[in-house]
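As structure tokens, the structure follows; a few thoughts come after it.
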Amino acid sequence: MKNHYARMKEVLKRYWLVACRESELRRKPVGVTVLDEPVVLFRTERGIHALRDVCPHRRVPLSKGWVKGDAIVCPYHGWEFDGEGACRRVPGLVDDACKERIRATALPVRVRDGFVWIQLQGETDGTGETEGKEKGEVADGFKEPVDLSFLRDPSLYSFVWKVKVKGNLVNAFENLLDGTHTHYVHAGLIRTDAYRQKVSAKLTAHRDHVEIEYSGESKQAGLISQLLERDRQTSYGRFFMPGIAQIEYRSSKGLSMLITAVARPVSEFVQDVYAIITVKRGIVPNFIKRLVISPFFKRALKQDLRIVELQQEWIERHGEGRLVSTEADLMRPFIEQLTRGRYYDKPLERKVQLLL
Ligand code: FES
Ligand SMILES: [Fe+2]
């Protein structure tokens, strides 16, 4: 059996993946790594472009170069490449007509909801696992980046941080979407073991995402909930391919808060995550909201990063082996399935009672 990461890479490469935020890309080119692939992003008058971050001449990263007109200049011998990867100039030659046959590798780019998305378009080698349905044929689902249109909703206010998670994608997203660690890792901040409530969880697995609806929980005992939430009615945990997690809290008045994590999968053990906090706009100025909310979330995030890193260090040293799970570990099997390229034709439902 092919290891999970090798398989996941093939699957994820068929999707639009986040490369960076639009605001992170100014005049200078930006180099990022996505699923172990070096990618350079740069901005010209013609828009935002992505190339494989390597000069075909002598393998120097183009991201260390600069933009000139509508091309990127390699910092070694000055070869210039446009956004489609065509070579525009080989400065050392009197007649550089040979440039017609030289190319850098261009990648498809979409700019949407403030993010720059790319497609790595990996070729599958045909040795994928055979169980379950394979996603390769379902081209439609890969046409557009995941919908983050809430970022354009004028009634909502969002702010974003970027964090580096040292953990594999499945462990990182399981952590984000799992309620049962919150009493321990975030004791007092999110929940507490001394105060638990019986909660109904209903999971629905779709083609490209999984959602769990939690009902029956009033406000959580932790500080964050007490301070920032009205009465809670329902909350949701969602995982979308190719690496987006979302937690939504709703009161009788509608949305209380939305927490969205968008991953740029860097390598097997590292994910860059854009954490987006979204609240409704209201009388309180946005910057005050941000000032009040930020310290709590940064604290919670730090606690999560630490536990996932501890887990990752252990796994790297001793191997993951076989994990023991219970009914309470609702989300994980579905994240594993989806990232392996398997899905359910009809939505699948599962219900469980939890003490949260
Ligand atoms: S290595 Fe890029 S121009 Fe020579
Ligand atoms: Fe957590």
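Give Met8, Met1 a once-over and let me know the one that is more than 16 Å from ligand 1 (Cβ to nearest atom) and either modelled with pLDDT of 95 or more or touching a Gly at 6+ places or on another chain (Cβ under 9 Å) (or both).
None of the others qualify; the one that does is Met8.
Hey, among the residues in segment 168-197 that are hydroxyl-bearing (Ser, Thr, Tyr) and in contact (Cβ under 8 Å) with a residue 12 or more places away in the chain, which one's nearest to ligand 1 (Cβ to nearest atom)?
Only one residue tops the list, namely Thr182.
Right, Asp36: out of contact with any Phe, Trp or Tyr (no Cβ under 6 Å at 6 or more places or on another chain) and within 19 Å of Ile102 (Cα to Cα) or not?
Spelling it out, it is not the case that Asp36 is out of contact with any Phe, Trp or Tyr (no Cβ under 6 Å at 6 or more places or on another chain) and within 19 Å of Ile102 (Cα to Cα).
For segment 33-93, give me every one of the strands (runs of 3 or more DSSP E) that falls completely inside it and has 2 or more residues that are at pLDDT 95 or above, over 24 Å from Glu22 (Cβ atoms) and away from ligand 2 (no atom under 16 Å from the Cβ).
Where strands (runs of 3 or more DSSP E) fall fully within segment 33-93 and carry at least 2 residues being at pLDDT 95 or above, over 24 Å from Glu22 (Cβ atoms) and away from ligand 2 (no atom under 16 Å from the Cβ), they are 87-89.
I'm trying to understand the selection: among the residues of segment 295-323, which are of a type in the set (Gly, Ala, Ser) and either in contact (Cβ under 8 Å) with a residue 60 or more places away in the chain or surrounded by 18 or more Cβ atoms within 10 Å (Cβ to Cβ) (or both)?
The answer is Ala300, and nothing else.
Identify, from the list Ser235, Ser200, the residue that is under 19 Å from Leu356 (Cβ atoms), crowded, with 20+ Cβ neighbours inside 10 Å, away from ligand 1 (no atom under 16 Å from the Cβ) and assigned by the TED database to the domain that holds Tyr343.
Checking each option against the conditions leaves just Ser235.
What number goes with the only condition from (1) surrounded by fewer than 15 Cβ atoms within 10 Å (Cβ to Cβ); (2) within 18 Å of the chain's Cα centre (by Cα); (3) under 15 Å from Gly114 (Cα atoms) that Gly47 does not pass?
(2)
The values are calculated or read from the model by the stated rules, or taken from the named source; none is laboratory data. This one's a predicted model, so the numbers in the text were calculated from it and none came from an experiment. With ideal geometry, Cβ positions are generated from the backbone for all residues, glycine too; neighbour counts draw on all protein chains shown.
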